[in-house]
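Chemist: Sending over a structure as structure tokens; questions will come in a sec.
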Amino acid sequence: MSEPILVLDVGGTKLAAGILLDDNTVVSRAETPTLAEEGGEAVLARLVALGRRVLMQAAHEWPALPTPAAVGLASAGYIDQAHGVVRFATDNLPGWTGLPLAARLEAAFALPAAVANDAACFALAEAAVGAGRGYRHVLVVAVGTGVGGGIVIDGALYSGWEGRAGAIGHLCVEPVNGRPCTCGLGGCLETYTATRVMVAESGYPSIQALAESYTAGNEEPAVDEAAIWLGRGLAALAHVLGPEAIVIGGSVGLLGERYLQITHQSFQEHTMPLHQMTPLLPAALGADSGLLGAGILARSLLQKEDS
Ligand SMILES: [Zn+2]
């Protein structure tokens, strides 16, 4: 049995924390608003306070539980995993860029700390214990209001130089007159596949309302078009990465089997025969997958230190 891990998650609107147990359940979970506008240092202080609260709560609720062996953090932004530093975060988290998160958490909790991008943590969790379990090389894409994901090779996250890999949403799928993207470029996969794009084009007020109509069998061209674009993007990525399986998560999970089938059909139409049997699987984990992935990352850090 391995010791528990203190797990933390920093998003643009909320901070979450909990204790990850050996069986991959998260207990003593707590949340608080990010209040990002107060700046990076204030958010980090609030995160540490939340972590301490969770440790105290866990000690009270589970007196027999050993103290955690490490801290794992899933954070928005481009995270340099090797150094535990935020290389770039958008204006959603002002003052987050440049923070040495791993060093600060190690000092605050007197525990080894591992930090990765939140979508990358989600990917690691899905690959290790979710839909990608049993596959060695897994591409995980999260399609929601934005598009992100992660690349898991031989069970480990591939994050590129200083955390630059995995920006799946900014894969260029339409180089000529592509739609403008929040990143400053144009024609990015996200601008054709994100749920906010489907919702805007469909006329429904929310992805939930659109999904309700779509899963009831109604024609919703906005969804089908987004699925076709996603299939094209995944095909391009498959040619580069050669994944054994592709997992699709995020709020498009609401769109069900039909969305996945159209995506897969488009994927097959745009790949070489070698890739056409690559399975496209719906994500299997729930809302705690970011926390879970951060914990799995921290465990792998401990294993490295042991060996
Ligand atoms: Zn972009």
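The values are calculated or read from the model by the stated rules, or taken from the named source; none is laboratory data. Keep in mind it's a predicted model, so treat the numbers as computed, not measured. Here the Cβ is made from the backbone with ideal geometry for all residues, glycine too, and neighbour counts use every protein chain on show.
Chemist: Condition (residue is of a type in the set (S, T, N, Q) and over 19 Å from Q303 (Cβ atoms)) applied to region 58-74: is it met by at least one residue?
Modeler: no
Chemist: Hey, another quick one. Taking the conditions exactly as written (in contact with a Ser or Thr (Cβ under 9 Å, 6 or more places away or on another chain), among the small types (G, A, S) and in a loop (DSSP other than H, G, I, E, B)), does G231 satisfy them or not?
Modeler: no
Chemist: Pick from A102, A200, A127: which is part of a helix (DSSP H, G or I), touching a Lys or Arg at 6+ places or on another chain (Cβ under 8 Å) and either within 16 Å of the ligand (Cβ to nearest atom) or modelled with pLDDT of 95 or more (or both)?
Modeler: A127
Chemist: Pull up region 203-220, narrow it to residues that are free of Cβ contacts under 8 Å to residues at least 12 places away in the same chain and of a type in the set (S, T, N, Q), then point me to the one that is farthest from the ligand (Cβ to nearest atom).
Modeler: The extreme case among them is N218.
Chemist: Right, another one. Checking the condition β-branched (V, I, T), surrounded by fewer than 16 Cβ atoms within 10 Å (Cβ to Cβ) and more than 18 Å from Y192 (Cα to Cα), which residue from V247, V240 passes?
Modeler: Of the residues listed, the single one that is β-branched (V, I, T), surrounded by fewer than 16 Cβ atoms within 10 Å (Cβ to Cβ) and more than 18 Å from Y192 (Cα to Cα) is V240.
Chemist: Specify which of the listed residues (V223, V173) is touching a residue at least 24 places away in the same chain (Cβ under 8 Å) and within 14 Å of the ligand (Cβ to nearest atom). Talk me through it step by step, then tell me what you get.
Modeler: Details: V223 fails: within 14 Å of the ligand (Cβ to nearest atom).
The match here is V173.
Chemist: Within region 176-188, track down each residue that is away from the ligand (no atom under 11 Å from the Cβ) and in contact with a Phe, Trp or Tyr (Cβ under 8 Å, 6 or more places away or on another chain).
Modeler: Selection gives nothing.
Chemist: Let me ask something else about it. Checking the structure you have, find out if any residue of region 146-158 is under 30 Å from R299 (Cβ atoms), assigned to a loop (DSSP other than H, G, I, E, B) and more than 15 Å from the ligand (Cβ to nearest atom).
Modeler: Yes, some residue in region 146-158 is under 30 Å from R299 (Cβ atoms), assigned to a loop (DSSP other than H, G, I, E, B) and more than 15 Å from the ligand (Cβ to nearest atom).
Chemist: Anything in region 71-103 that is out of contact with any strand residue (DSSP E or B) (no Cβ under 8 Å at 6 or more places or on another chain) and of a type outside the set (A, V, I, L, M, F, W, C)? List them, or say none.
Modeler: H83, T90, D91, N92, P94, G95, listed by residue number.
Chemist: Go through (1) within 21 Å of the chain's Cα centre (by Cα); (2) near the ligand (Cβ under 10 Å from one of its atoms); (3) assigned to a loop (DSSP other than H, G, I, E, B) and name the single condition T191 misses.
Modeler: Failed condition: (3).
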